[in-house]
1. Would you check if Val273 is in a strand (DSSP E or B) and modelled with pLDDT under 90?
2. Taking into account only those residues within segment 189-202 that are in contact with a His (Cβ under 9 Å, 6 or more places away or on another chain) and among the small types (Gly, Ala, Ser), which is surrounded by the most Cβ atoms within 10 Å (Cβ to Cβ)?
3. Looking only at segment 310-332, decide whether some residue is more than 22 Å from the chain's Cα centre (by Cα), farther than 19 Å from Gly17 by Cα and of a type in the set (A, V, I, L, M).
4. Does segment 38-51 include one or more residues that are in a loop (DSSP other than H, G, I, E, B), of a type in the set (Phe, Trp, Tyr), more than 18 Å from Ala126 (Cβ to Cβ) and within 18 Å of the chain's Cα centre (by Cα)?
5. Would you confirm whether or not segment 153-164 contains a residue that is assigned to a loop (DSSP other than H, G, I, E, B), under 21 Å from Ala13 (Cβ atoms), of a type in the set (D, E, K, R) and at pLDDT below 95?
6. Which pairs have Cβ atoms under 6 Å, sit 6 or more apart or on different chains, and link a residue in segment 342-356 that is closer than 14 Å to Gly25 by Cα to one that is surrounded by 12 or more Cβ atoms within 10 Å (Cβ to Cβ) and of a type outside the set (A, V, I, L, M, F, W, C)?
7. Output the number of the condition that Asp105 fails; it satisfies all remaining conditions of (1) within 30 Å of Lys296 (Cβ to Cβ); (2) without any contact (Cβ under 8 Å) to a residue 24 or more places away in the chain; (3) not in a loop (DSSP other than H, G, I, E, B).
8. Among the residues of segment 66-102 satisfying the criterion of being part of a loop (DSSP other than H, G, I, E, B), out of contact with any Lys or Arg (no Cβ under 7 Å at 6 or more places or on another chain) and free of Cβ contacts under 8 Å to residues at least 40 places away in the same chain, which is nearest to Gly14 (Cα to Cα)?
Amino acid sequence: MAVINTDTIVIGAGPVGLFQAFQLGLLGLNTHVIDALPEAGGQCVALYPDKPIYDVPGVPVCTGRELAQLLLAQARPFLPRDPASGQIANLHLNDQVASVQPLADGGFEIATQQGLQFHCRAVFVAAGAGAFVPRTLNVAALDGAANVHYHLPEALSAAPWVGQHLVMAGGGEEALTAVEALMDGPADARPASLTLLHRRDQFQAPPEQEARVRAWIAQGQVKLALGLPSGADLQGGRVTALQCLGADGATHALPLDHLLIRLGLSPKLGPLVDWGFQLDRKQVSVSPDGYQSSVKGIYAVGDINTYPGKKRLLLCGFHEATLAAHHALAQLKPDQPQHLQYTTTSTLLHQRLGLA
């Protein structure tokens, strides 16, 4: 696969990472964005897509998903969608950075788990508390099975379990939110049957949400299976049944066509710990004048960084992304005059935004 050359790489497509891409584009630096999740928006979309956020400047209230869509729309000049496929060519989802190596002539070589290779001049880590990866069931046989899933698709009608038997594992807010999405969605986009699997008959979710799911269970529209998965039956690379240990001490088979695991996400630093920069309690130490790490050319913005007076707020992450972009521009283009320009009046910025 050919090496992709770009000015910058942004690691993380959460709100701060998307705004980082916008700021870099505004300054004339092209970028590619890499994220471990299947959808842009980071933990805002993955953990609380429908919960209201009240502290984004100028936006009195929006949900996590709405915020992600607003940021994608703002960054569209620099993260454009292909009209034919609808995909963003320089946004790489479902992938993680596996290694970052310095190049002899400056800059970095980036390799991802999906086999992509980049040469870039600066790296911006906007990975929140780390790469958010789904928590899994402790059943080794599930690894790599074709019909094991962790996320709901944006279009429920495109889900692979439509018209089939779906078992959903989990008893927290993530699982119950997915049950609500499936039950409230179009009838022709639902599974033929839905079984909620949890280790005990107690949920960890808001009372009103639990009440809705309990009503569907009482009506027989959602089945409830209690037990602890201990194994799985496989055929042709697909799970055909889970083996679950029940309260009676016996193991019972739970047949399925598809398994959706909704146990939440776990942030992992992964290869970040091997990149050679200074860490403080699993956060990247940066200088607050430009949010550069101890490795020249690698910046950290948002919840992943730490410095004196740090506040883990979205507003602070947006501020950090702005200063980091300007700091990088000064380093990458030292001969270019560093005049501060404003989107209200700058013809150049209007051209970059596609307005002129």
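The values are calculated or read from the model by the stated rules, or taken from the named source; none is laboratory data. If you're wondering where the values come from, they're calculated on a predicted model, not measured in any experiment. Every residue, glycine as well, gets a Cβ built from its backbone with ideal geometry; the counts of neighbours run over all protein chains shown.
1. No.
2. Step one: of segment 189-202, the residues in contact with a His (Cβ under 9 Å, 6 or more places away or on another chain) are 191-195.
Still in the running and among the small types (Gly, Ala, Ser): 192-193.
On the way: Ala192: 11, Ser193: 16.
The extreme case among them is Ser193.
3. First, pick out the residues of segment 310-332 that are more than 22 Å from the chain's Cα centre (by Cα): 310, 323, 326-332.
Imposing the further condition that a residue be farther than 19 Å from Gly17 by Cα reduces the set to 330-332.
If we keep only those that are of a type in the set (A, V, I, L, M) too, we end up with 330, 332.
Yes, the conditions are met somewhere in segment 310-332.
4. As a first pass, look at segment 38-51 and keep what is in a loop (DSSP other than H, G, I, E, B): 38-41, 48-51.
The next check asks that each one be of a type in the set (Phe, Trp, Tyr); those that pass are 48.
Applying the additional criterion that residues be more than 18 Å from Ala126 (Cβ to Cβ) yields 48.
If we keep only those that are within 18 Å of the chain's Cα centre (by Cα) as well, we get 48.
Yes, there is a match, as at least one residue in segment 38-51 is in a loop (DSSP other than H, G, I, E, B), of a type in the set (Phe, Trp, Tyr), more than 18 Å from Ala126 (Cβ to Cβ) and within 18 Å of the chain's Cα centre (by Cα).
5. Filtering segment 153-164 down to residues assigned to a loop (DSSP other than H, G, I, E, B) leaves 153-155, 159-164.
Still in the running and under 21 Å from Ala13 (Cβ atoms): 153-155.
If we keep only those that are of a type in the set (D, E, K, R) too, we end up with 154.
This time we only want the ones that are at pLDDT below 95, so: 154.
So far as segment 153-164 goes, yes, one or more of its residues are assigned to a loop (DSSP other than H, G, I, E, B), under 21 Å from Ala13 (Cβ atoms), of a type in the set (D, E, K, R) and at pLDDT below 95.
6. Leu349/Gln341; Leu353/Pro77; Gly354/Pro77
7. The failed condition is (3).
8. Step one: filter segment 66-102 for residues part of a loop (DSSP other than H, G, I, E, B), giving 75-80, 82-87, 89-90, 93-96.
Checking which are out of contact with any Lys or Arg (no Cβ under 7 Å at 6 or more places or on another chain) leaves us with 75-76, 78-80, 82-86, 89-90, 93-96.
Now narrow it down to the ones that are free of Cβ contacts under 8 Å to residues at least 40 places away in the same chain: 76, 80, 82-86, 89.
Details: Arg76: 15, Pro80: 17, Asp82: 21, Pro83: 23, Ala84: 25, Ser85: 22, Gly86: 20, Ala89: 17 Å.
Checking each candidate, the answer is Arg76.
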